[in-house]
Structures are given as C-alpha cells and as structure tokens.
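Notes follow the structure.
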Amino acid sequence: MINTESFVAFADKTKAHYECMKKDDELRESMLNKIEQQIDNIL
C-alpha cells in the first residue's frame, strides 16, 4: 500500500481503494440504467 492513495475502510476492518470502489459503483449504476431502459422498452 502507498500512503498517498485514498482508501475506504469498512466496519469489518477490510479496506478498498476509493477509485476502485467508485468505478465499481459507476459500472453497477450504468448496468442498472441499461436494464431499466430495456424493461421500459418491453412495457
């Protein structure tokens, strides 16, 4: 680990890179939006 990197710490004491968490959240949101659009198109 490099001290200059941003990390997120969880209650169970695990850690994750902030940028990785952010990218993962953006990917999940993007996929959710695509799925919702597909559902709307079907209905």
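Where a number appears in this text, it was derived from the coordinates with a stated rule and is not lab data. This is a predicted model, so every value here is computed, not measured. Here the Cβ positions follow ideal geometry from the backbone for every residue, glycine too, while neighbour counts run over all protein chains shown.
Computed values, structure above
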read-out	value
0 to 90° range, to nearest 10: angle between helix 18-42 axis and the chain longest Cα axis	10
The chain: GluC sites (Glu not before Pro) in DSSP loop, at most 16 other beta carbons within 10 Å	GLU5
The chain - charge dipole about Cα centre, Lys and Arg +1 at Cβ, Asp and Glu -1, debye rounded to 20	160
Unit charges at the beta carbon, dipole of the chain: most positive-side option, LEU32, LEU43, MET21	MET21
Qualifying chymotrypsin sites (Phe, Trp or Tyr not before Pro) for the chain [loop in DSSP, other Cβ within 10 Å: at most 13]	PHE10
